[in-house]
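J.: Okay, handing you the structure first.
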Amino acid sequence: MIPNLRKSSLIEEIDYNFLKSTLADYRHPRVKINEMLKNGKIIRVKKGLYIFGNELVEQPYVKETLANLIYGPSYISLEYALAFYGFIPERVEGITCITNKRNKSFNTPVGYFSYRYIHPNIYSYGVTLFEIDKYHSILIASSEKAIADLLYFNTRFSNETELEKYLLENMRIESESLTGLNQKNVSKLAKLYGHNVNLFYNLLRSY
């Protein structure tokens, strides 16, 4: 039955309903699931969400897909999204996400995932569906929204010069990356996000 379980999934990320359905021929599917967990055939990421263990794995799991599934609704943003797009040089290990529910964090066998609350009125605009491969599409902030989210949670900047110093020196974003942003999108985000993003929009217009 285990090989059939593996053949039934084209991806490494699986949930409890999939396991229960695939193991329906067992008298007690939950007992079998617990046995598979103990044997390392599957790994629990969080309650109800799993990946295949070393014996059954066929390809790397997609960490970004897990981020969308662990706690939702949510999308990937902030430092992880900026690293994903190549805006910041450092590799970000923990995945940083935005949610319209309460703040939450998860320390899992596959890494650390953090979720920060943002008001529902500004949650949706700028969230994109990014295709990782033919089986995985993830919800992630556009590059403009990722910066808007970053500034939203930052302290209030006094002026464009102070904000620019933060982006270029603290975050180590290249000015060339900023000039490639879509100013129309930033203008719309500024109306939603307020002061810091308004300063950011004014800064981009001066480039």
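The values are calculated or read from the model by the stated rules, or taken from the named source; none is laboratory data. In this text, all values refer to a predicted model and were calculated from it rather than measured experimentally. Counting neighbours? That spans all protein chains shown, and the Cβs are built from the backbone with ideal geometry, glycine included.
J.: Take residue 78 and tell me if it is closer than 20 Å to residue 189 by Cα and under 11 Å from the mean Cα position of the chain (by Cα).
T.: Yes; evaluated as a whole, the condition is true for this residue.
J.: Looking only at region 93-129, which residues are free of Cβ contacts under 8 Å to residues at least 24 places away in the same chain and either under 13 Å from the mean Cα position of the chain (by Cα) or under 24 Å from residue 182 (Cα atoms) (or both)?
T.: 93, 94, 96, 105, 112, 114, 119, 120, 124, 128, 129
J.: Would you confirm whether or not region 127-134 contains a residue that is more than 30 Å from residue 9 (Cα to Cα), modelled with pLDDT of 95 or more and either part of a strand (DSSP E or B) or not aliphatic (A, V, I, L, M) (or both)?
T.: No: region 127-134 contains no residue that is more than 30 Å from residue 9 (Cα to Cα), modelled with pLDDT of 95 or more and either part of a strand (DSSP E or B) or not aliphatic (A, V, I, L, M) (or both).
J.: Would you be able to tell me the number of residues in region 124-173 that are in contact with a strand residue (DSSP E or B) (Cβ under 8 Å, 6 or more places away or on another chain), surrounded by fewer than 19 Cβ atoms within 10 Å (Cβ to Cβ) and of a type in the set (Ser, Thr, Tyr)?
T.: 2
J.: Additional query: If I ask for residues that are under 22 Å from residue 66 (Cβ atoms) and in contact with a helix residue (DSSP H, G or I) (Cβ under 6 Å, 6 or more places away or on another chain), which ones from region 16-33 would you list?
T.: Answer for region 16-33, where residues must be under 22 Å from residue 66 (Cβ atoms) and in contact with a helix residue (DSSP H, G or I) (Cβ under 6 Å, 6 or more places away or on another chain): 19, 20, 22, 23, 33.
J.: Restricting to region 38-86, count the residues that are within 24 Å of residue 23 (Cα to Cα) and acidic (Asp, Glu).
T.: Of the residues in that region, 2 qualify.
J.: Looking at the structure I just gave you, is residue 19 aliphatic (A, V, I, L, M), in a helix (DSSP H, G or I), within 28 Å of residue 134 (Cα to Cα) and at pLDDT 90 or above?
T.: So residue 19 passes the test.
J.: Something else now. Considering every residue within region 94-105, establish whether at least one is at pLDDT below 95, within 23 Å of residue 141 (Cα to Cα) and among the small types (Gly, Ala, Ser).
T.: no
J.: Restricting to region 23-45, what's the tally of residues that are in contact with a Ser or Thr (Cβ under 6 Å, 6 or more places away or on another chain) and charged (D, E, K, R)?
T.: 0
J.: Just name the residue that is farthest from residue 179 (Cα to Cα) out of those in region 135-145 that are in a strand (DSSP E or B) and not polar (S, T, N, Q).
T.: It comes out as 136.
J.: Considering 145, 184, 188, which residue is under 23 Å from the mean Cα position of the chain (by Cα), assigned by TED's automatic domain parsing to the domain that holds residue 101, basic (Lys, Arg) and more than 21 Å from residue 89 (Cβ to Cβ)?
T.: Only one candidate qualifies: 188.
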